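*Asks:* What follows is a single structure, and I will ask about it in a moment.
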Amino acid sequence: MRTQVAIIGAGPSGLLLGQLLARAGVDTVILERHTPDYVLGRIRAGVLEQGTVETIEEANVAGRLHREGLVHHGIEIAARGERHRIDFNALVGKSVVVYGQTEVTRDLMDARRAAGAKTVYEAEDVSLHGFDGNAPVVRYRHGGLDHELACDYIAGCDGYHGVSRQSVPAGALTTHERVYPFGWVGVLVDQPPVSDELIYVNHERGFALCSMRSHTRSRYYVQCSLDDRVESWTDDRFWAELRSRLDDRANAKLVTGPSIEKSIAPLRSFVAEPLRFGRLLLAGDAAHIVPPTGAKGLNLAASDVRYLSRALADWFRRGDPKGLDTYSARCLKRIWLAERFSWWMTMLLHRFPGTDSFGTRIQEADLTLLFGSRASQQSLAENYVGLPFD
Ligand code: APR
Ligand code: PHB
């Protein structure tokens, strides 16, 4: 089999890239390790920057997003018994759209199926070869048989644990990492959200977040210990812990119920540089991880894919290598800005086990600055809604 771009991974990065390339007349094959249901089963943040919405529009898959997505003009931050609204409209004249990553992925899968583009699900033992030359090849097993996919470029969109980044020769890659000493336990529930907007909470018992998927489906998180197991978080324990971290006004509105999904995620910051190795290009979680606090994971993946789709389209249409040559540097500029913001939001809102009095006081000063300074609020707003593309 032969294609122009072999895409490894059918998460949001791989599917969005496939869709944008299809619209540019570039042929792709996606190889995905799991089934479609498995891919759709992972629950992730659902806050889309305007730039992400525009990229999804460019891919022609924004119909349901526009019908069902909730436009949010601000967020609330609760700390020290006060709640402060960060008014995106007033501060930076922009907003975000709340629409779950699962739904983005579902829309992209449907569009790819409708376009008749090839996706091989349950592709096993994917291996990447020859990307340092002009004729890369991807090998894999499917249905008990060995297959070979020849291509011009390989897009590594296979997430943090994927094979693409691991295929890069040692020494060609530099990695940077922060592992935070806590996780988030998250619950999805078919009940209306406590508020029209997201509430981020810094409480002495730890961070909490009230989020949503729709007017009838809510998503809540509480900071938990790294060695907590999801089985030890019964629904009753979760709701009691969430209640203990929310203010009276939020508690009066909180409607609990049986969880329809519950999971624990560790928090990590990670960047691998560069993003290009000959004819292998990394995008999304394959190249970087952010803690979920700033809701940047999906937006950063969409930003990589926006650059990559244009770079590949320019190459295949006109033989212009400029986009591919500058791909890594352009992505990394935005990646590090989003890494900084996600790290800062994480430091601001969590309780760090074993932190000293200096760390505690610095966090208090950061909250004082945010609540008292319009410039500080504007900086948060500017980053949250998404920095402009160059
Ligand atoms: N072979 C084929 N597919 C693989 C392999 C492999 N060896 N390893 C992983 N994959 C698949 C995974 O099964 C998954 O479906 O690659 C896909 C990667 O998807 P994601 O992990 O969702 O990564 P990405 O598409 O970059 O999306 C980034 O996901 O983690 C969130 O917050 C993050 O919202 C961001 C988004
Ligand atoms: C979510 O709705 O899952 C969500 C929203 C905002 C975040 C993180 C997660 O910062």
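The values are calculated or read from the model by the stated rules, or taken from the named source; none is laboratory data. No experiment lies behind these values; they were computed from the predicted model shown. Glycine also receives a Cβ, built like all others from the backbone with ideal geometry; neighbour counts cover every protein chain displayed.
*Asks:* Going by what's in this entry, would Arg64 be described as surrounded by fewer than 21 Cβ atoms within 10 Å (Cβ to Cβ), closer than 27 Å to Leu188 by Cα and touching a helix residue (DSSP H, G or I) at 6+ places or on another chain (Cβ under 6 Å)? Write out each step before concluding.
*Replies:* Values: surrounded by fewer than 21 Cβ atoms within 10 Å (Cβ to Cβ): yes; closer than 27 Å to Leu188 by Cα: yes; touching a helix residue (DSSP H, G or I) at 6+ places or on another chain (Cβ under 6 Å): yes.
Yes: the conditions hold for Arg64.
*Asks:* Can you tell me which residue among Val185, Val230 is of a type in the set (A, V, I, L, M) and buried (at least 21 other Cβ atoms within 10 Å of the Cβ)?
*Replies:* Working: Val230 fails: buried (at least 21 other Cβ atoms within 10 Å of the Cβ).
The match here is Val185.
*Asks:* Right, Leu21: in contact with a strand residue (DSSP E or B) (Cβ under 8 Å, 6 or more places away or on another chain) and assigned to a helix (DSSP H, G or I) or not?
*Replies:* Numbers: in contact with a strand residue (DSSP E or B) (Cβ under 8 Å, 6 or more places away or on another chain): yes; assigned to a helix (DSSP H, G or I): yes.
In short, yes.
*Asks:* Among the candidates Ser259, Ser244, Ser214, which residue alone is closer than 30 Å to Asp304 by Cα and small (Gly, Ala, Ser)?
*Replies:* Matching residue, one of Ser259, Ser244, Ser214: Ser214.
*Asks:* Restricted to the range 92-144, and to residues that are among the polar types (S, T, N, Q) and over 30 Å from Ile199 (Cβ atoms), which residue is nearest to ligand 1 (Cβ to nearest atom)?
*Replies:* Step one: filter the range 92-144 for residues among the polar types (S, T, N, Q), giving 95, 101-102, 105, 119, 127, 134.
Pick out the ones that are also over 30 Å from Ile199 (Cβ atoms) and you get 119, 127, 134.
Values: Thr119: 11, Ser127: 9, Asn134: 23 Å.
Top of the filtered list is Ser127.
*Asks:* If the requirement is being buried (at least 22 other Cβ atoms within 10 Å of the Cβ), among the hydrophobic types (A, V, I, L, M, F, W, C) and modelled with pLDDT under 95, which of these qualifies: Ala59, Ala45? Break it down stepwise before answering.
*Replies:* Working: Ala59 fails: modelled with pLDDT under 95.
None of the other options fit; the residue is Ala45.
*Asks:* Still on this structure, please answer the following. For the range 41-56, check the following and say yes or no: at least one residue is under 30 Å from Glu148 (Cα atoms), part of a helix (DSSP H, G or I) and either out of contact with any Ser or Thr (no Cβ under 9 Å at 6 or more places or on another chain) or within 16 Å of ligand 1 (Cβ to nearest atom) (or both).
*Replies:* Looking for residues that are under 30 Å from Glu148 (Cα atoms), part of a helix (DSSP H, G or I) and either out of contact with any Ser or Thr (no Cβ under 9 Å at 6 or more places or on another chain) or within 16 Å of ligand 1 (Cβ to nearest atom) (or both), one finds at least one in the range 41-56, hence yes.
*Asks:* Yes or no: Val92 in contact with a helix residue (DSSP H, G or I) (Cβ under 6 Å, 6 or more places away or on another chain) and surrounded by fewer than 22 Cβ atoms within 10 Å (Cβ to Cβ)? Can you show your working first?
*Replies:* Numbers: in contact with a helix residue (DSSP H, G or I) (Cβ under 6 Å, 6 or more places away or on another chain): yes; surrounded by fewer than 22 Cβ atoms within 10 Å (Cβ to Cβ): yes.
Against the criterion (in contact with a helix residue (DSSP H, G or I) (Cβ under 6 Å, 6 or more places away or on another chain) and surrounded by fewer than 22 Cβ atoms within 10 Å (Cβ to Cβ)), Val92 qualifies.
*Asks:* Looking at Leu70, is it within 16 Å of ligand 1 (Cβ to nearest atom), surrounded by 15 or more Cβ atoms within 10 Å (Cβ to Cβ) and not aromatic (Phe, Trp, Tyr)? Don't jump to the end; show me each part of the working.
*Replies:* Details: within 16 Å of ligand 1 (Cβ to nearest atom): no; surrounded by 15 or more Cβ atoms within 10 Å (Cβ to Cβ): yes; not aromatic (Phe, Trp, Tyr): yes.
So Leu70 fails the test.
*Asks:* Among Gly63, Gly25, Gly14, Gly69, which is more than 16 Å from ligand 2 (Cβ to nearest atom) and either closer than 30 Å to Gln378 by Cβ or within 18 Å of the chain's Cα centre (by Cα) (or both)? Break it down into steps so the answer makes sense when it comes.
*Replies:* Numbers: Gly63 fails: either closer than 30 Å to Gln378 by Cβ or within 18 Å of the chain's Cα centre (by Cα) (or both); Gly25 fails: either closer than 30 Å to Gln378 by Cβ or within 18 Å of the chain's Cα centre (by Cα) (or both); Gly69 fails: more than 16 Å from ligand 2 (Cβ to nearest atom).
After ruling out the rest, the residue left standing is Gly14.
*Asks:* Of the residues Leu337, Leu332, which is more than 15 Å from the chain's Cα centre (by Cα), modelled with pLDDT of 95 or more and in a helix (DSSP H, G or I)? Spell out the reasoning first.
*Replies:* Numbers: Leu337 fails: more than 15 Å from the chain's Cα centre (by Cα).
Every option except Leu332 fails the conditions.
*Asks:* Further question on the same structure: Exactly one of (1) part of a strand (DSSP E or B); (2) of a type in the set (S, T, N, Q); (3) buried (at least 18 other Cβ atoms within 10 Å of the Cβ) is unmet by Ser127. Its number?
*Replies:* For Ser127, the exception is condition (3).
*Asks:* Any idea which of Leu282, Leu308, Leu275 is without any contact (Cβ under 8 Å) to a residue 60 or more places away in the chain, crowded, with 24+ Cβ neighbours inside 10 Å and within 19 Å of Ser164 (Cα to Cα)?
*Replies:* Details: Leu282 fails: without any contact (Cβ under 8 Å) to a residue 60 or more places away in the chain; Leu308 fails: without any contact (Cβ under 8 Å) to a residue 60 or more places away in the chain.
That would be Leu275, the only listed residue that is without any contact (Cβ under 8 Å) to a residue 60 or more places away in the chain, crowded, with 24+ Cβ neighbours inside 10 Å and within 19 Å of Ser164 (Cα to Cα).
*Asks:* With outside any helix (DSSP H, G or I) and over 25 Å from the mean Cα position of the chain (by Cα) as the only criterion, which of Thr355, Thr360, Thr368 stands out?
*Replies:* Working: Thr360 fails: outside any helix (DSSP H, G or I); Thr368 fails: outside any helix (DSSP H, G or I).
Of the residues listed, the single one that is outside any helix (DSSP H, G or I) and over 25 Å from the mean Cα position of the chain (by Cα) is Thr355.
*Asks:* Still on this structure, please answer the following. Tell me which residues, restricted to the range 324-349, are over 23 Å from Glu364 (Cα atoms) and either in contact with a Phe, Trp or Tyr (Cβ under 7 Å, 6 or more places away or on another chain) or within 15 Å of ligand 2 (Cβ to nearest atom) (or both).
*Replies:* Listed by number, the residues that qualify are Leu324, Tyr327, Arg330, Cys331.
*Asks:* If you take the residues of the range 1-42 that are over 21 Å from Cys331 (Cβ atoms) and among the β-branched types (Val, Ile, Thr), which of them is modelled with the lowest pLDDT?
*Replies:* Looking at residues that are over 21 Å from Cys331 (Cβ atoms) and among the β-branched types (Val, Ile, Thr), I get Val39.
*Asks:* Cβ-Cβ under 6 Å, sequence separation 6+ or interchain: first residue in the range 176-187 and on the phi < 0 side of the Ramachandran plot, partner within 16 Å of ligand 2 (Cβ to nearest atom) and basic (Lys, Arg). Which pairs?
*Replies:* Short answer, once both residue conditions are applied: Val179/Arg268; Val187/Lys262.
*Asks:* Output the residues belonging to the range 72-120 that are polar (S, T, N, Q) and either more than 20 Å from the chain's Cα centre (by Cα) or in a helix (DSSP H, G or I) (or both).
*Replies:* To start, the set of residues in the range 72-120 that are polar (S, T, N, Q) comprises 89, 95, 101-102, 105, 119.
Matches in the range 72-120: Asn89, Gln101, Thr102, Thr105, Thr119.
*Asks:* Only one of these is touching a helix residue (DSSP H, G or I) at 6+ places or on another chain (Cβ under 8 Å), more than 16 Å from ligand 2 (Cβ to nearest atom), in contact (Cβ under 8 Å) with a residue 40 or more places away in the chain and within 26 Å of Tyr38 (Cα to Cα): Tyr99, Tyr153, Tyr160, Tyr140. Name it. Walk me through how you get there before you give the answer.
*Replies:* Details: Tyr99 fails: more than 16 Å from ligand 2 (Cβ to nearest atom); Tyr153 fails: within 26 Å of Tyr38 (Cα to Cα); Tyr140 fails: touching a helix residue (DSSP H, G or I) at 6+ places or on another chain (Cβ under 8 Å).
The unique qualifying residue is Tyr160.
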